[in-house]
Amino acid sequence: MTDKQIETLRNLTPEAFAALGAENTVYIKPVVQDGVAAFAVHTAAGQPIGLLESQAHAQAAALAHDMTLVSVH
């Protein structure tokens, strides 16, 4: 993938990303909930769908539900 393609993907809006047919695509991001560090699982459109205590648990839950994990920077 070229730098230009990567930059294009990074600048997609959640709506545009979801329109690519990414209904089973999720990303995981670290969050703080009530003062406790956790990991949130979000749909490609940015909707939170889960909150787990570790990144490993979040990844396992996503894969157990046949979701595709993507890296978001």
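No lab work stands behind these numbers, since they all come straight from the coordinates. Values in this document were obtained by computation on a predicted structure and should not be read as measured data. For neighbour counting, all protein chains shown are included, and Cβ atoms are generated from backbone atoms with ideal geometry for every residue, glycine included.
Each Lys and Arg contributes +1 and each Asp and Glu -1, all at the Cβ; summed about the Cα centre of the range 3-69, the dipole is approximately 120 debye. Around the amide H of T25, modelled in the peptide plane, lie the amide H atoms of A44, T68, all under 5 Å away and 5 or more residues distant in sequence or on another chain. Multiply the residue separation of V72 and L9 by 0.36 nm, subtract the distance between their alpha-carbon atoms, and state the gained length in nm to one decimal. Using 0.36 nm per residue and subtracting the Cα-Cα distance, I get 21.7 nm. Using Cα pairs closer than 8 Å and at least 6 residues apart in sequence, work out the relative contact order for the range 3-69, in percent. Relative contact order for the range 3-69 comes out at 28 percent. Taking the Cα atoms of the chain, the ratio Rg/Rh between the radius of gyration and the Kirkwood radius comes to 1.01.
Backbone geometry of the range 48-53 corresponds, through the Karplus equation with coefficients 6.51, -1.76 and 1.60 at θ = phi - 60°, to 3J(HN,Hα) couplings of x, 10, x, 9, 10, 6 Hz, x marking Gly and Pro.
Taking every DSSP beta bridge with both residues inside the chain, roughly what % is antiparallel (nearest 5)?
85 percent
Selection among V31, V72, H42 by position relative to the dipole of the chain gives V72 as farthest towards the positive end (Cβ unit charges, Cα centre).
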